[in-house]
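This report refers to the structure that appears directly beneath it.
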Amino acid sequence: MGPAKIMLTQDNPVMLLKTDARDQEWISAFAAAMPELEVRVWPQVGDLKEINCALLWNPPVELFNGLENLEVIFSIGAGVDSLLACSALPAKVPIVRMVEPELTAGMVEFCLFQVLRFHRLMHCYERQKAQYAWQELPQLPARDTTVGVMGMGVLGLALAKQLQSLNYNVIGYRRQSKPNDAIEMFCGEAQVEAFLRQAAILVMLLPATEQTRHIINRETLAMLPPKACLVNAGRGESINEQDLLMALDSGQLQAAALDVFGQEPLPTDHPFWSHPGIFLTPHIASITHPPTACRYIADALQAYRVGGAWPNLVETGSGY
Ligand code: GLV
């Protein structure tokens, strides 16, 4: 007989950790949230058969070799594209998305900041300052400004609520219909146009999937109201970058605030760096906060151990 199988429902969890270069922060946070957890930092894995859960970011293919008793994978990021892209990802192991309050709060702060920048014309006043121009521009009430949130998962919903509390007229778009009494929702391909036609400020919080690739392109950009502004804090692959540049140069789009790009780091010769209509940040909109994330993982493991289901499961193959 081989060594006894260590199971999440019967034994203490043994976690394999492969982070985004913040190992020590995660180890300390786990020690506080789950002292009973044994953490093994990749590639110091010990006996692979003892590992029954994993917290991962950008796993290399070889990480999954011999992990026969893995019962769950937690994603470090809100986006699971780096995990799903790994060809060795075990097909039957559930993947739990990261949903933790500080990650959500950070994303809401970032997007609110960009919406306020565009709505209150801060991008125009910055330009005027460079020209020593003292000139008042029209002030549009928030209630007369429609913000379209594309991607209404946990982050999109949290943002939409905050925007509403500031009196913006908020509409939401998602692929699959899911009723929402508080926010006017548009669903599926058939309603993309009706949604975009109203979105004076478009905020994109879409995951990278087959369905979202270049969903914003020449044709869909032309559906936006003239002089619309765009914010992308989801994934760069959702936008055709050449088409975005054309829309900015033609004046169809007024400005764009981008945190994510088709290629990251953004190459230094990329035209976005010097474009006056583009505000860019290096994929910092929000990052997972280990202390609250470890409490979320501790709660999820505890619920599972007493017979519950995993929260926020990734349905492989689902869109947004
Ligand atoms: C960051 O991009 C994340 O997926 O959390």
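The values are calculated or read from the model by the stated rules, or taken from the named source; none is laboratory data. As the structure is a computational prediction, the values presented were derived from the model and not from experiment. Methodologically, a virtual Cβ is constructed for each residue, glycine included, from the backbone with ideal geometry; neighbour enumeration extends over all protein chains shown.
So that you can scan it fast, the table gives a plain yes or no per residue for (1) of a type outside the set (Val, Ile, Thr); (2) touching a residue at least 24 places away in the same chain (Cβ under 8 Å); (3) on the phi < 0 side of the Ramachandran plot:
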residue: Gln139; (1), (2), (3): yes, no, yes
residue: Gly156; (1), (2), (3): yes, yes, yes
residue: Asn167; (1), (2), (3): yes, yes, no
residue: Asp181; (1), (2), (3): yes, no, yes
residue: Met185; (1), (2), (3): yes, yes, yes
residue: Val192; (1), (2), (3): no, yes, yes
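No other residue among Leu55, Leu63 is surrounded by 16 or more Cβ atoms within 10 Å (Cβ to Cβ), of a type in the set (A, V, I, L, M) and touching a helix residue (DSSP H, G or I) at 6+ places or on another chain (Cβ under 9 Å) apart from Leu55.
Within the option set Thr220, Thr268, being out of contact with any helix residue (DSSP H, G or I) (no Cβ under 9 Å at 6 or more places or on another chain) and not basic (Lys, Arg) holds for one residue only, Thr268. Residues in segment 77-107 that are within 11 Å of the ligand (Cβ to nearest atom) and buried (at least 17 other Cβ atoms within 10 Å of the Cβ): 13 in all. Here Phe74 meets each of (1) within 16 Å of the ligand (Cβ to nearest atom); (2) more than 20 Å from the chain's Cα centre (by Cα) with one exception, condition (2). Please work out if Ala208 is closer than 26 Å to Leu103 by Cβ and in a loop (DSSP other than H, G, I, E, B). So Ala208 fits the description; yes.
Check segment 103-125 and report whether any residue there is in contact (Cβ under 8 Å) with a residue 40 or more places away in the chain and over 30 Å from Asp144 (Cβ atoms). The answer is yes, given that some residue of segment 103-125 is in contact (Cβ under 8 Å) with a residue 40 or more places away in the chain and over 30 Å from Asp144 (Cβ atoms).
Checking the stated criteria, Lys18 turns out not to satisfy the condition of being modelled with pLDDT under 95 and surrounded by 13 or more Cβ atoms within 10 Å (Cβ to Cβ). Within segment 27-47, the set of residues being charged (D, E, K, R) and either touching a Lys or Arg at 6+ places or on another chain (Cβ under 9 Å) or free of Cβ contacts under 8 Å to residues at least 40 places away in the same chain (or both) comprises Glu36, Glu38, Arg40. When each of Ser238, Ser274 is tested for being surrounded by fewer than 14 Cβ atoms within 10 Å (Cβ to Cβ) and either polar (S, T, N, Q) or outside the structural domain of His123 (by TED's automatic domain parsing) (or both), the lone residue that passes is Ser274.
Is segment 154-172 home to any residue that is assigned to a loop (DSSP other than H, G, I, E, B) and closer than 30 Å to Ala293 by Cβ? Within segment 154-172 (the criterion being assigned to a loop (DSSP other than H, G, I, E, B) and closer than 30 Å to Ala293 by Cβ), the answer is yes, since at least one residue qualifies.
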